[in-house]
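See structure below.
The values are calculated or read from the model by the stated rules, or taken from the named source; none is laboratory data. Everything numeric in this text was worked out from a predicted model, so none of it was measured. Here the Cβ is made from the backbone with ideal geometry for all residues, glycine too, and neighbour counts use every protein chain on show. Accessible surface is based on the protein model in full, side chains and every heavy atom, while ligands, DNA and RNA are left aside. Shrake-Rupley method; radii C 1.70, N 1.55, O 1.52, S 1.80 Å.
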Amino acid sequence: MTMQVPLEKDYFRLPSGEPGDLGALLGSYSPQTGKYFYPRRKLCPITSGPVEDCELPARGILYSWTYVKDPRMGTLKMGDQSGYGVGQIDLPGGVRIQSIILGQQGDWEIGMPMRLAFQPVKMPNKRLDDNIEHMTFCFEPDRA
Amino acid sequence: MLKDVYVIGVGMHPFGKHGISTRDMAFHAGQQALQDAGVPFQQVGALYSGYIGGTMLEGVSYAKDYGLTGLPVVHVENASATGSSAFREAVLAVAGGHSEIAMAVGFDDMLTLGMRMGMMEMIEGPKVEQIVLPAAFFALWAVRRMHDCGTTVETYAKIAAKNWNHARFNPNAQRQSDHEVTPEEVLKSNMVAYPHTSMMACAAGAGAACAIVASKDVARKVANGRPLVRVIASQMQSESYTEGHVFLGAVVGPSELTTTTSRAAYEQAGVGPEAISLVHVHDAFPIEELMYYELLGFCGPGEGDRLVAEGATALGGRIPFSTDGGLIARGHPGGPTGLAQIWECTLQLRGQAQQRQVPGARMALAHMMGAGSVCVIHILSKEK
């Protein structure tokens, strides 16, 4: 059985399997300013005061999008597709997330609702018998 | 600045994909700048070597080609703003009275840099941070701009075509078209990240550039009848928090960074944008140049499209941008890019830019963004 693990720790929590749990991005909350940040900060970027770890809302609004056809300046492969979407999503609390977005050009409109999702990342030198699947976060249109 | 600082020499190795080693290109650019300045390397008090893609030894090692004089040599790296940052260090060395003459050299080969980054990923595995590429990041700006201001893809294509055509008059530019490039041609090239096509994307290649700065006493001695070119502002800022701040995957920080850095530069120079004759910016993609028209104060918010439609930012226009082709067409090897801007601004202010010459150029502004991120702005002024 394949086990799914985060591509890197401290960025997100995968869904627990409980109904309605989409997983979560792991951020920081600054009690002094009432603002949220992603990814986790060591200190509040505004006051340099303490921050608290928190999970961010899994739903937000699409701020901008693009579709990358020619990923020449990187080698990270998102599955076997010829291109991929990238977007910025505004979450409640003033956090803007930059992320892969699922779908094709034409699927997205600025201002549409989006929700957190996860997808596997193709790893270099992965063995055929390796039963670990590395996952990273993305967003998809929230049509619910 | 404590002391006035002048650009006394500039040099360049042409940008492109020519297979020449970074060492040879750096030597060529440095020697050309020393000859242009009319000073021997033995008089240079400090050297700042800017590169992104080399090894930790190259900055000091390449300096030996100019001579072994015992001068301090420092490797400067600040992503795309590496050359601008090296130049700023040289300016500050003279302004602070630490050197009478200082030299900034930048060199890189973006093609080998890409291969090295790919090898690192093969060894270490992919990272969450690496998912969004520069082409995608600036495309996000472009799509949002189209939504907010009604900007069209034709406007982006016109900016790119303008810079390709400026480069036709620059022998050091990477992209040398044998015909006038049209916006239609730009739009027909391969899509990279909507709405950016390959002809809108900055040219990745190799090259080197160098600038030598000096005190007023030295500048006067070596002027040889040429007008003096004074550095009247040198500013660098990193990010301040803004609403909707993107920490993960942002290639550069919020666009406000350009506004705040330029305000500091204008204040230091004692002039406003109306005094500037020509501008160079981090035009890795045309959306950047369009936004910098506004963020640098050359027009109001949302008015940049009108400048493009009027041809105001082309050679012959009211405020020419990217007179040497900019990152889009002169090229963007990394380390030398900001110093190529200084090369062009200096030639323009001396009246030596030939077919690219902006008539009566008196002040030039050079702006670079560096991923991470920083904004560096210099303003140069012609003095008789």
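Pairs with C-alpha atoms separated by more than 31 Å, drawn from the list B:K162/B:K382; A:K69/B:K162; B:K17/B:K64; A:K9/A:K69; B:K127/B:K188, are B:K127/B:K188. Under a GNM of chain B (C-alpha, springs under 10 Å), which listed residue has the highest mean-square fluctuation: B:E77, B:E303, B:E289? Highest fluctuation of the listed residues: B:E303.
Percent of alpha carbon pairs in the protein assembly as shown separated by more than 33 Å?
It works out to 42 percent of all Cα pairs.
Shape descriptor for chain B: Rg over Rh equals 0.95 (Cα atoms; Rh from the Kirkwood inverse mean 1/r). Dimensions of segment B:200-322 based on its C-alpha atoms, expressed as ranges along the principal axes with the largest first, amount to 51, 36, 35 Å. Scattering from segment A:3-141 was approximated by placing one identical point on each alpha carbon and applying the Debye formula without solvent; log10 I(q)/I(0) at 0.13, 0.16, 0.18, 0.21 1/Å stands at -0.63, -0.92, -1.10, -1.30. For the set B:L295, B:L187, the ranking by accessible area, highest first and with no ligand, DNA or RNA atoms included, is B:L187, B:L295 under a 1.4 Å probe. Selection among B:F285, A:A144, B:M12 by position relative to the dipole of the protein assembly as shown gives B:M12 as farthest towards the positive end (Cβ unit charges, Cα centre). Each chain gives up part of its surface: B and A jointly bury about 3400 Å² of accessible area, both sides summed, for a 1.4 Å probe. Highest mobility in the GNM of chain B, judged by mean-square fluctuation with C-alpha springs under 10 Å and restricted to B:M12, B:M199, B:M146, is found for B:M146.
For segment B:238-384, the solvent-accessible area with a 1.4 angstrom probe is 29 square angstrom per residue. When you restrict to C-alpha pairs under 8 Å that are six or more residues apart and normalise by the size of chain B, the relative contact order lands at 27 percent.
A cut-off under 13 angstrom between Cβ atoms defines the neighbours of B:D109, and their net charge, with Lys, Arg +1 and Asp, Glu -1, is 0. Positive contributions from Lys and Arg (+1) and negative ones from Asp and Glu (-1), summed over other residues with Cβ under 14 Å from the Cβ of A:L43, come out at +2.
If you roll a 1.4 Å probe over the protein assembly as shown with all protein chains in place, what percent of the accessible area is carbon or sulfur? Roughly 52 percent of what the probe reaches on the protein assembly as shown is carbon or sulfur.
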